[in-house]
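Below you'll find the structure, written out as structure tokens, and then a few comments.
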Amino acid sequence: MSDFFALAEHVAETLDIGPGTRVFEVECGDGAFLLPLYQNGYVVGGMDADAAAVAAASAAMPEGTFSVGPASALDPAAPWDVVVYRVSAASADPDFIRGLVARMFAKATHALALLDAPEEAHRTLVRALAEAGAQAIQVQGPHLFVRV
């Protein structure tokens with residue numbers, strides 16, 4: 001779990017956010033990435049298709065806002081300051097990425113972060129971000145950050 005603490009700290013520093021910031025994670029699982037933020041006063045939320053994982057996240061972070069559903073059901077009409085997605089090799093389908101990035105970009109009011117992206121997915125992610133309207137994309141190793 002310490003890897004998630006370091007990653008959460010890195011995201012917070014890179015995006016210049018602090019306690020009180022609303023952070024939403026797509027495919028949040030059990031909330032391991034969000035937990036250090038929650039413990040430091042951030043408002044957290046997320047969604048995941050795995051109901052048991054969402055239940056675990058809700059139990060660990062009772063003031064969080066969590067829902068069960070696939071990433072493709074992300075609602076851009078419910079804004080959050082920061083939207084986060086940990087990219088997996090399974091999510092490398094260009095059509096899936098374009099749709100998800102567009103919804104994330106519309107949902108975020110401050111920034112979005114695409115974390116742990118395999119290098120082979122970077123071109124697709126950058127193209128999807130540009131199509132969504134991203135002006136400046138900051139790439140730091142496997143992570144992509146965009147201020148909206």
Next item on the list: Could you run through the range 45-76 and say how many residues are surrounded by fewer than 19 Cβ atoms within 10 Å (Cβ to Cβ), part of a loop (DSSP other than H, G, I, E, B) and of a type in the set (A, V, I, L, M, F, W, C)?
Entry: 1
Margin query: I need a count of the residues in the range 77-103 that are at pLDDT below 90 and either outside any helix (DSSP H, G or I) or under 13 Å from Phe24 (Cα atoms) (or both).
Written below: 3
Check: Is the range 114-124 home to any residue that is among the β-branched types (Val, Ile, Thr) and part of a helix (DSSP H, G or I)?
Finding: yes
Item checked: Search result, residues across the range 104-113 that are buried (at least 19 other Cβ atoms within 10 Å of the Cβ) and not in a helix (DSSP H, G or I) -> Ala108, Ala111, Leu112, Ala113
Checklist line | Residue identified as among the hydrophobic types (A, V, I, L, M, F, W, C), under 14 Å from the mean Cα position of the chain (by Cα) and closer than 19 Å to Val23 by Cα among Ala111, Ala77 | finding: Ala111
Checklist line | Subset of the range 11-33 (residues that are over 18 Å from Val148 (Cβ atoms), surrounded by 15 or more Cβ atoms within 10 Å (Cβ to Cβ) and either over 12 Å from the mean Cα position of the chain (by Cα) or free of Cβ contacts under 8 Å to residues at least 12 places away in the same chain (or both)) | finding: Asp30, Ala32
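The values are calculated or read from the model by the stated rules, or taken from the named source; none is laboratory data. The structure displayed is predicted, hence computed values, not measured ones. When we count neighbours, we look across all protein chains shown, and the Cβ atoms used for this are built from the backbone with ideal geometry, even at glycine.
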